[in-house]
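The values are calculated or read from the model by the stated rules, or taken from the named source; none is laboratory data. Note that this is a predicted model, so its numbers are computed, not measured. Ligands, DNA and RNA are excluded from the accessible area calculation, which covers all protein heavy atoms including side chains. Shrake-Rupley method; radii C 1.70, N 1.55, O 1.52, S 1.80 Å.
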Amino acid sequence: MRLGLRRAAGHRGQSLTEFALVTPVLLLLLAAGSDYARTFFISSAVADATREGALYAVQHSTDPGMTQAGMDSQVRSVLANAEQGGFAPLTCSSWSNPPTSAQVSITFTGSVPPAAGSQTSVSIVATCDILPLFGMRGLPAQYTARTRADALLGPP
């Protein structure tokens, strides 16, 4: 008597059918996860670039000949070229180079350079529109990463 595995006639192709049903769900989860990770990375990079801009403003606020317009221009340049831990510079696809005032708002309270005995604060608000890699029904067509950095310029 031969002992072997025999498949019943109704079970042929069961594995293939299960694979065909599960694969789209797994691919959808993979696509959603990669989109979320990319969005998280870009929003983190925008926050880091904003802090880099504030740090630049603090370090160079008392440079000879520095004006408010010059500081604004330099901070925008820093934001456009901020490197992210060895990766290429941040490229927010919705930013021009350097970012415009609609994309990055830089506000000074006081003069640049700070007057003797006073402090000037700088507030930088950066907004980056992120388009998802995989457009899925029911999800937003774009995400917006908005971050803010504040710093005091001048002697304490």
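Of the candidates ALA57, ALA69, ALA31, which one comes out as most mobile in a Gaussian network treatment of the chain with C-alpha springs shorter than 10 Å? Highest fluctuation among the options: ALA69. Rounded to the nearest 10 square angstrom, ASP48 shows an accessible area of 60 square angstrom against a 1.4 Å probe.
Out of the total accessible area of the chain (probe 1.4 Å, heavy atoms of protein only), what percent is carbon and sulfur? Don't skip to the answer; put the middle values down first.
Values: 6240 of 10350 Å².
The C+S portion of the solvent-accessible surface of the chain is 60 percent.
Using alpha carbons only, how many degrees (0 to 90, rounded to 10) separate the axis of helix 68-80 from the longest principal axis of the chain? Compared with the principal axis, the helix lies near 20 degrees.
Leaving ligands, DNA and RNA out of it, rank PHE134, PHE19 by accessible area with a 1.4 Å probe, largest first.
Working: PHE134 90, PHE19 135 Å².
Accessible-area ranking of PHE134, PHE19, largest first: PHE19, PHE134.
For region 87-156, what is the percent of antiparallel DSSP beta bridges, rounded to the nearest 5? Don't jump to the answer; show the numbers that get you there.
Values: 17 of 17 bridges.
Taking every DSSP beta bridge with both residues in region 87-156, the antiparallel ones total about 100 percent.
Set against the labelled values (i) 19.0; (ii) 19.4; (iii) 29.6, Kirkwood radius over Cα pairs in Å computed from this structure falls on (i).
The residues ARG137, ARG12, sorted by heavy-atom accessible surface at 1.4 Å with ligands and nucleic acids left out, run ARG137, ARG12 from largest to smallest.
For TYR143, TYR56, TYR36, give the ranking by accessible area with the largest first, probe 1.4 Å. Mind dumping the intermediate values first?
On the way: TYR143 65, TYR56 45, TYR36 155 Å².
Per-residue accessible area, sorted high to low, gives TYR36, TYR143, TYR56.
To the nearest 10, the accessible area of LEU16 is 120 Å² with a 1.4 Å probe. For the chain, adding -39500 (n - 2.57) for each run of n ≥ 4 DSSP H residues and dividing by the number of residues yields -14000 deg cm²/dmol at 222 nm.
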